[in-house]
């Protein structure tokens, strides 16, 4: 990449805002090849310069990968003129990075949502032929039974005649709580599959997507960057 302003580079990591980056530079806590940075406006080429902040190397990647615990009531979209989107949950410096959600969760569905600017990765994770596994936890208004597990395994036929791929259904407790494993992503699929068995979904949360699992330490609306190991597991670019 070409030369960029130092404060912009620091903000691109998501750890600091541009204002906070300026303070770090002014306090002499940002070193360029071992020497204190001169100013926030200084233009730097990452490939030619080692940047450290408080002695720690700048964690910068060509692409950004964020795990978000999506809360209910928020759209899985990059923008909307009337309703709050997942992008509104991010700080300003990250909203400028052209991130987008990989797939969608219904407005009232919570859980794991991956945000990135890596279009190739998004395509691989969402491609129908890849059959990436997605696991959901659901609470229902009435219990499901062993016969429902068999129906999911055989492939549910939805009310409009669409045939779903075989899916996993695990019953928890008395059967009013279940885990559903999908390998595709039809519109409102889990709610429609459950409805075909005579029950209604009251709460739905995605807990994993492929090898990526929702961090239990993330509260609703909170996010964190993926670790290098997680990026490698999903096939991202470190």
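Each reported figure results from applying straightforward, stated rules to the coordinates on display, with no laboratory input. Since we're looking at a predicted model, the values are computed, not measured. Positions of Cβ are backbone-derived with ideal geometry, glycine not excepted, and every protein chain shown enters the neighbour counts.
Points worth noting:
- By the beta-carbon count within 10 Å of each Cβ, the least crowded to most crowded order of 165, 193, 87, fewest first, is 165, 87, 193.
- Stokes-Einstein translational diffusion, region 133-209 - Kirkwood Rh over all Cα pairs, 1.567 mPa s, 4 °C, in µm²/s: 107
- Kirkwood hydrodynamic radius computed over the chain comes to 20.0 Å, based on all pairs of distinct alpha carbons.
- Ellipticity estimate at 222 nm from DSSP helix runs (n ≥ 4, -39,500 (n - 2.57)) divided over the chain, nearest 500: -5500 deg cm²/dmol
- Intensity falloff of region 4-57 expressed as log10 I(q)/I(0), Debye formula with alpha-carbon point scatterers, at q = 0.25 Å⁻¹: -0.96
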